[in-house]
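Asks: Shown below is the structure under consideration.
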Amino acid sequence: MEKQFKALPDEYRIEVEKEKQGTIESLEYYVPNLDTGKETKHLNVYLPDWYDANDKNNKYNILYLKHGGGEDENLIFGGPGQNRELKNILDNMIANGDIEPIIVVTPTFYGLKNASKYKKEVYIVESVDHPIPIMETQYFHDELINDLIPMVETKYNTYAASENKEDLMKSREHRAFGGFSMGSVTTWYTYINCLDYFKYFIPLSGDCWVFGPKTGNDKAKETAEYLARIPKTAGYTPKDYYIFCATGNLDIAYPNMKPQIDAMKEMKDSFIYSSDTKEGNFYFLVCDGAEHNWHWINQFIYNILPDLFDN
């Protein structure tokens, strides 16, 4: 059964009344040996309405959401005091009971930890006017697991009992990772490297590049087989992880993403395709006429959020 696209209601783009609005916080965190020469990075955090740091009994699910190439961690939420479209969507969805209150974190893959360890491969991404190293998406998981998640999830009221990796693994069912374009590429790498820490993955308008840039088309079968082996090797069943994909049929990512998804549908031992998350663990939402931009990505997020943390 295909997941059907629902257009975002216009009223969800509008700010809710002040007493129902969430807040945006800006954080710096320590990351050693960055290729920028610095030792700190920056991110933004969405906290839902009524979030109380002192209420340790009220815990929150958390979504890590990545920007695309040429963008940065400020694009999605802006920063403290701002009400950009996705923040309004979250505020409205929570206020209307569409989803439970959630924390959303927007880091960046730019500025790679221990960059000197990795071979630099540079290429130009369509619609982006400067080169992006593939290693910044491929190896972001090192920083994610060892620096970013421990900092965020011990600061806020999440389900992680501590920054200990065993506690982070135990709380994986309360954690999701998603991203747009190059953030989607990062999402596939996070699935490959961090399945022990995340139960939900949201690749938006971007295929898996494990065999090279944009190989979801010409190496679709090999990519699908590789992705199917990841949970089997780790001992997970299809009910232990969920992959909710989306793009538009006019999106530049569609020609590479669709063949990969079609090949994944054949790997039924790992990927059970269904829009009903009680029946399957994998779907591909395609919107007719949608292109490669946040106007559509925000709507995909609106469609997918109710399927998180409910399995």
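Asks: Hey, among the residues in segment 30-81 that are assigned to a strand (DSSP E or B), hydroxyl-bearing (S, T, Y) and modelled with pLDDT of 95 or more, which one's surrounded by the fewest Cβ atoms within 10 Å (Cβ to Cβ)?
Replies: Y60
Asks: Here's a follow-up. Kindly indicate which of T233, T247, T237 is within 15 Å of G280 (Cα to Cα), at pLDDT 95 or above and not acidic (D, E).
Replies: Exactly one of T233, T247, T237 is within 15 Å of G280 (Cα to Cα), at pLDDT 95 or above and not acidic (D, E), namely T237.
Asks: Moving on. Go through (1) assigned to a helix (DSSP H, G or I); (2) out of contact with any Leu (no Cβ under 8 Å at 6 or more places or on another chain); (3) touching a residue at least 24 places away in the same chain (Cβ under 8 Å) for T233 and report which single condition fails.
Replies: Condition not satisfied by T233: (3).
Asks: Let me ask something else. Grab the helices (runs of 4 or more DSSP H) fully contained in segment 140-230, keeping just those with 1 or more residues being among the polar types (S, T, N, Q).
Replies: Once the helices (runs of 4 or more DSSP H) in segment 140-230 are filtered for at least 1 residues that are among the polar types (S, T, N, Q), what remains is 149-155, 182-194.
Asks: Testing T247 on (1) assigned to a loop (DSSP other than H, G, I, E, B); (2) buried (at least 21 other Cβ atoms within 10 Å of the Cβ); (3) not aliphatic (A, V, I, L, M), one condition comes back false. Which one is that?
Replies: (1)
Asks: Continuing with the same structure: Answer with yes or no whether T247 is of a type in the set (V, I, T), under 20 Å from A176 (Cα atoms) and out of contact with any Leu (no Cβ under 8 Å at 6 or more places or on another chain).
Replies: No; evaluated as a whole, the condition is false for this residue.
Asks: Hey, among the residues in segment 184-197 that are crowded, with 24+ Cβ neighbours inside 10 Å and under 11 Å from I243 (Cα atoms), which one's farthest from the chain's Cα centre (by Cα)?
Replies: W188
The values are calculated or read from the model by the stated rules, or taken from the named source; none is laboratory data. None of these values were measured; they are calculated from a predicted model. FYI the Cβ positions are ideal-geometry reconstructions off the backbone, even for glycines, and counts take in every protein chain you see.
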